[in-house]
Amino acid sequence: MSDVTRAGVVDETPGRDATVGSAGGRRGPRPGEGERWGEGRRRRRGRRGEALMVPRAEFTSYYGRPVIKRPVWQERDIAGYFFLGGLAGASSVLAAGAALTGRPVLARTAKVGAATAISGSLVALVHDLGRPTRFLNMLRVVKPTSPMSMGTWLLTGYAPAALAAAGSDVTGRARRVGALATAAAALAGPGVATYTAVLAADTAVPAWHDAHRELPFVFAGSATCAAAGLGLVVAPTAETGPARRAAVLGAACEAVATRRLKVRLGIVRETYDSGSAGQLMRAAEHLTVGGAALGLLLGGRSRTAAVGAGAALLAGSACTRFGVFRAGLASADDPRYTIEPQRTRLDNAGRS
């Protein structure tokens, strides 16, 4: 209860102030002891490692906000557009092969499937764009460096060919036109099945852009499995030989490309392994491998096995497209997946 007066401090209680070097405080070096004190600290640091006075810094963005803008694409429209476009393109290739090898039911199944799928794909795309005129406006220019421009023209040329091939086969009219349309659709089919991967990889979304080398092969394998699955479900067992072999080829291509993609992505691979995207990708792997194996072993003898294998292949292909789409959204939402790969690339460039 000390008090300050003109005469000084009165009623002061002694022993309340901490003094330098007392038992309760940490004494610094006395004059002349600085060198020995510093050497002792260095020796202790060498034995135990440097003690951190503050926690290690972790990456954070401005108020935790994403660095890039999340894609505004609707999942049902664009992921469905990816799946249906792949199914259509690969089905046109399968239809041409079936027609050349004398499998008319399989050829018709693939042609009708391609025409139906590309129609649904265009509907999904236009629905996401909001107005049909936006699709037509993209035809005003031809820009070879733009995947969107090239994809628009590719769809514009492919869709009439696929529809003409299916119409000729179903009606039995204009056989020559139908044969030319089948060949044209088969030539454009691989591009239709894979250009959506190029379109996605051309964005700044890390899970898509950083996978630009492998993503087209993932989509190609997935599309092949979808076309093979449709053939196994609809065509008679005696004609499903090409579909069963295509399923094995597509499953192998997709599996190898997906593994390679995850190895090369580094930290971004987490978006393909976790959350709903991870669940979809694991389901896709199981369905695709299981469907291809079932079709190869039993699809040529059992109609039930062929239908089951085809349904699994179609479901696996859809899971792949929706899984890739959700992985892209997850990588855009978390700023770590944008910044940390950039820092790694800069460090590697500096060391080289």
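I want to confirm something. Restricting to segment 274-301 and keeping residues that are modelled with pLDDT of 95 or more and charged (D, E, K, R), which single residue is nearest to ALA257 (Cα to Cα)?
GLU285
For segment 308-352: of the residues being of a type in the set (Ser, Thr, Tyr) and over 18 Å from the mean Cα position of the chain (by Cα), which is farthest from PRO206 (Cα to Cα)?
SER352
Select the helices (runs of 4 or more DSSP H) contained entirely in segment 138-253, then report the ones holding at least 3 residues which are out of contact with any Ser or Thr (no Cβ under 7 Å at 6 or more places or on another chain) and surrounded by 23 or more Cβ atoms within 10 Å (Cβ to Cβ).
Once the helices (runs of 4 or more DSSP H) in segment 138-253 are filtered for at least 3 residues that are out of contact with any Ser or Thr (no Cβ under 7 Å at 6 or more places or on another chain) and surrounded by 23 or more Cβ atoms within 10 Å (Cβ to Cβ), what remains is 147-171, 175-201, 215-234.
Which residue, of GLY130, GLY167, is among the small types (Gly, Ala, Ser) and within 30 Å of ALA311 (Cα to Cα)?
GLY167
Looking at segment 96-135, which of the residues that are under 23 Å from the mean Cα position of the chain (by Cα) and in contact (Cβ under 8 Å) with a residue 40 or more places away in the chain is nearest to TYR158 (Cα to Cα)? It would help to see each step written out before you state the result.
At the first step, the residues of segment 96-135 found to be under 23 Å from the mean Cα position of the chain (by Cα) are 117-118, 120-129.
Narrowing the set further to residues that are in contact (Cβ under 8 Å) with a residue 40 or more places away in the chain leaves 118, 120-121, 124-125, 127-128.
Values: ILE118: 9, GLY120: 14, SER121: 12, ALA124: 16, LEU125: 15, HIS127: 20, ASP128: 20 Å.
Among residues in segment 96-135 that are under 23 Å from the mean Cα position of the chain (by Cα) and in contact (Cβ under 8 Å) with a residue 40 or more places away in the chain, the one nearest to TYR158 (Cα to Cα) is ILE118.
Which condition number does LEU294 fail, the rest of (1) of a type in the set (A, V, I, L, M, F, W, C); (2) buried (at least 18 other Cβ atoms within 10 Å of the Cβ); (3) touching an Asp or Glu at 6+ places or on another chain (Cβ under 6 Å) being met?
LEU294 satisfies every listed condition except (3).
Does segment 341-351 contain any residue that is without any contact (Cβ under 8 Å) to a residue 60 or more places away in the chain, charged (D, E, K, R) and over 23 Å from LYS69 (Cβ atoms)?
Keep residues of segment 341-351 that are without any contact (Cβ under 8 Å) to a residue 60 or more places away in the chain, which gives 342-343, 345-351.
Those still in the list that are charged (D, E, K, R) too: 343, 345, 347, 351.
Add one more test, that the residue is over 23 Å from LYS69 (Cβ atoms), and what stays is 347, 351.
The answer is yes, given that some residue of segment 341-351 is without any contact (Cβ under 8 Å) to a residue 60 or more places away in the chain, charged (D, E, K, R) and over 23 Å from LYS69 (Cβ atoms).
Please specify each residue of segment 176-198 satisfying the condition of being of a type in the set (A, V, I, L, M) and within 12 Å of the chain's Cα centre (by Cα).
ALA197, VAL198
Check ARG269 against each of (1) in a helix (DSSP H, G or I); (2) touching a Leu at 6+ places or on another chain (Cβ under 9 Å); (3) in contact (Cβ under 8 Å) with a residue 12 or more places away in the chain and name the one condition it does not meet.
The failed condition is (3).
From THR109, THR116, grab the single residue that is of a type in the set (Ser, Thr, Tyr), out of contact with any Lys or Arg (no Cβ under 6 Å at 6 or more places or on another chain), part of a helix (DSSP H, G or I) and surrounded by fewer than 22 Cβ atoms within 10 Å (Cβ to Cβ).
One residue alone meets the criteria, THR116.
The values are calculated or read from the model by the stated rules, or taken from the named source; none is laboratory data. Nothing here was measured: the structure is a model prediction, and the numbers come from that model. With ideal geometry, Cβ positions are generated from the backbone for all residues, glycine too; neighbour counts draw on all protein chains shown.
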